[in-house]
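**Student:** Sending over a structure as structure tokens; questions will come in a sec.
The values are calculated or read from the model by the stated rules, or taken from the named source; none is laboratory data. Because the structure is a prediction, the values reported are computed rather than measured. Here Cβ is always computed from backbone atoms with ideal geometry, including for glycine, and neighbour counts include all displayed protein chains. Remember, those area values only see protein heavy atoms, side chains included, never the ligands or the DNA or RNA. Shrake-Rupley method; radii C 1.70, N 1.55, O 1.52, S 1.80 Å.
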Amino acid sequence: MLALAAIINVSSSLGYLLPAIIGLESLGLPSPGETALVLAAVLASQGKLQIWLVILIGVGSAIAGDNAGYLLGRTFGREVLEAPGPFRARRVKVIAAGDRFFERHGPKAVFFARWIALVRFAAAWLAGINEMRFRDFFFWNALGGITWGVTFGLVGYYGGTAAADAISSFGVYAAVALAILIVGGYGYVKLRERRAGGRSSEG
């Protein structure tokens, strides 16, 4: 991946292909998505790319890839796993267990999977196979993709690869903190709007 980054240095416009790799990983193809995002952010810190565009491409690729994986899993995955053949009874039991799990923990699983390297590529497929409601999947997947992309993009931009490697160990905690900030900020804005509306009606 470092060699790829060195080649891309020759043409800054090609550097934006790095965060686009995330879509392949999200779709389920083995790809170094997280590393690609951080390297693109490092190139941005050197003035070769625009960090806002790196983050935008990274987040968009993550969300698009996950949604494609979800739709493929929902369309074909269950049919394949329930098809007659070896271990069919076990496969059916696994699907049933997955259905119960996603019914209880689907939103959390989809959100936090984005922060766990060995899980993120499979979460979208599993959500589709276990028929998680699409609107719930879309919201929590988008929230995970946005917070993850912004976090690793800015960490790579300001702290370099070493800082990004460090935050990888605490990705879930960073996700929780960001989610709290987003929800808290949204609640604060709504509260101010409600108070402002109350004052105007009194006046």
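**Student:** Go through L24, L43 for me and flag whichever is part of a helix (DSSP H, G or I) and open to solvent by less than 30 Å² (accessible area, probe 1.4 Å).
**Tutor:** Answer to the check: L43.
**Student:** Which residue is most open to solvent (accessible area, probe 1.4 Å), if the candidates are limited to region 69-92 and must be modelled with pLDDT of 75 or more and of a type in the set (K, R)?
**Tutor:** So the residue we want is R90.
**Student:** With respect to the numbered conditions (1) surrounded by 12 or more Cβ atoms within 10 Å (Cβ to Cβ); (2) free of Cβ contacts under 8 Å to residues at least 60 places away in the same chain, which one is the sole condition not fulfilled by A96?
**Tutor:** (1)
**Student:** State which residue is modelled with the lowest pLDDT when the search covers only region 102-119 and only residues that are surrounded by 14 or more Cβ atoms within 10 Å (Cβ to Cβ) and under 16 Å from R74 (Cα atoms).
**Tutor:** Looking at the filtered set, the residue picked out is F102.
The rows are residues; the columns are (1) open to solvent by less than 30 Å² (accessible area, probe 1.4 Å); (2) without any contact (Cβ under 8 Å) to a residue 60 or more places away in the chain.
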site: G28; (1), (2): yes, no
site: A36; (1), (2): yes, yes
site: G47; (1), (2): no, yes
site: G58; (1), (2): yes, no
site: A64; (1), (2): no, yes
site: N67; (1), (2): yes, no
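**Student:** Could we say that A122 is open to solvent by 40 Å² or more (accessible area, probe 1.4 Å) and either closer than 17 Å to S26 by Cα or out of contact with any helix residue (DSSP H, G or I) (no Cβ under 6 Å at 6 or more places or on another chain) (or both) here?
**Tutor:** no
**Student:** Please indicate, with yes or no, whether at least one residue in region 125-147 is open to solvent by less than 50 Å² (accessible area, probe 1.4 Å), in contact with a helix residue (DSSP H, G or I) (Cβ under 8 Å, 6 or more places away or on another chain) and modelled with pLDDT under 85.
**Tutor:** Yes: one or more hits.
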